[in-house]
Structure formats: structure tokens, C-alpha cells
Amino acid sequence: MFGRRRGEYLFGDLMFDDDRRIQMIKLKQEAETGVWVEVRALLRDLIFALMLVTLVIVFLVQPVKVEGTSMLPHLHDGERIFVNKLVYYGLPPLERGDIVVFWFPDDPSKSYIKRIIGLPGETVEMRDGRIFIDGQELSEPYLDPQLNTGHASLPPLYVKQHYYFVMGDNRDHSSDSRYWGLVPEKYIYGKAILRYWPPTQIGLITHRDGPTLVKAHAADRGE
């Protein structure tokens, strides 16, 4: 009566055969099933994350490697940055001081990175190395005086609609709008927003320290 027949399991006074709804769970089998469930969930999440990253890179941001020294001291050769690709669609609108990447107008197979100085509808002029926008001097505290020792002058240049006047921060060693002209708006495909390499220099890229327009002196106006 209290014994156990072969092939049967006894739970107190209840035999396994007394209720077919009782499930016999083997711990090893249950553990293996749980592992595969977790693996499938992990793979699902990984695939979703990769798809999300791909969409972000394709439509929102793009990694760019800085080449050359024209943007010293703020961007160095070999650094890597993320650029906002939505500026190609005017989101947000480009502003003076933005650092942008664009296809070189004389050879669209090449990309350049420069800072926006002159906006559409403005007149840009250089006098003894100083920049004037519509007669007002442009204050540029972000420039390193040791990298900008030249005192070149350029005649006034009107910036046409849907074009921009760009320059490098390392003015003595920068090929920019002073030499090859304006950049069409449609050639600008990104605005620098974040430096991610090297790790010690990770941070947002902003233009809080300028540029700003100041009133021209009477002597500069020719009075």
C-alpha cells in the first residue's frame, strides 16, 4: 500500500497515475530550455539594436575622420567626429560659426571641413587679416594668434543665396573660400556635433566662444 511500484512516483498518498495533469519537470531539461530562451531574446535585441544604429547612421549622423591641420587648434588631424546629416535638409538651419563638412566645389569626390563665416546675402571682406561682414568686424576669439600671423586683404565678396563663405581656423594653412570661392548649400552634408576619438577628447563641438559681430571703427569705415 505504501510501497512504490516500478514506473510510478508517490507524492504522499497521491500516485502519479492518479492525475494525468501533473507535469514531471526535469531540472536539466528546464535549465537548457531557459538558456535557449535567453539566447533567442539576446539575439533579437542585438538585431534590433544593429538596425537602429544603421538607421541613425544612414539618416541622422555620420562618423567623419578629420584630415589635415586647417581646423587647429580645435580639431586635430586623425580625430574622429560625428556630424549631423539633417542640416542637409535644413534641420537645424546653418549658422555663422558652425563647423561643417562638404564636398569640395572644385572636386566633389573630396570632402573638406571648415567653419562658416559668411551667410547668404552678406558681404565678406578681409582687411589686414581681419574679417568684416557688411562693414562690421568679426570677433573670433577661438582663433590661435600663433596660427594666424598673416595680414592678407581681400576685396568685398557678396555671398549669393544658397551659398556660404567658409574658412579654416588655421588661417595660415587653410585652403578655403578665400582661394576657391563659395560653397553651395547643397554641397554641405553635415555639421560637426561630437568628437568621439580620441577618448580623452570626447565632447560636444559648439561655437559658444564666437564668432560675433562688433561695430567697425570710424577709421575702418574710411571716415
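The values are calculated or read from the model by the stated rules, or taken from the named source; none is laboratory data. Computed from a predicted structure; not experimentally measured. FYI the Cβ positions are ideal-geometry reconstructions off the backbone, even for glycines, and counts take in every protein chain you see. With ligands, DNA and RNA removed, areas are computed over all heavy atoms of the protein, side chains included. Shrake-Rupley method; radii C 1.70, N 1.55, O 1.52, S 1.80 Å.
Side notes on the structure shown:
- When residues of region 159-180 are limited to those that are open to solvent by 50 Å² or more (accessible area, probe 1.4 Å), out of contact with any Gly (no Cβ under 8 Å at 6 or more places or on another chain) and part of a loop (DSSP other than H, G, I, E, B), the one nearest to P93 (Cα to Cα): H162
- Residue count, region 58-117 (criterion: hydroxyl-bearing (S, T, Y) and either under 22 Å from P211 (Cβ atoms) or open to solvent by less than 60 Å² (accessible area, probe 1.4 Å) (or both)): 3
- Any hit, region 137-145, residues being modelled with pLDDT under 95 and loosely packed, with under 11 Cβ neighbours inside 10 Å: yes
- Residues satisfying the stated conditions in region 146-158, i.e. over 15 Å from S174 (Cβ atoms), open to solvent by less than 80 Å² (accessible area, probe 1.4 Å) and modelled with pLDDT under 95: S153
- Residue satisfying all of: in region 121-136; part of a loop (DSSP other than H, G, I, E, B) and open to solvent by 40 Å² or more (accessible area, probe 1.4 Å); nearest to R171 (Cα to Cα) among these: D128
- Of the criteria (1) surrounded by 18 or more Cβ atoms within 10 Å (Cβ to Cβ); (2) in contact with a Leu (Cβ under 9 Å, 6 or more places away or on another chain); (3) closer than 26 Å to Y89 by Cβ, which one V183 fails: (2)
- Test for R171: is it within 27 Å of the chain's Cα centre (by Cα) and within 19 Å of Y189 (Cβ to Cβ): no
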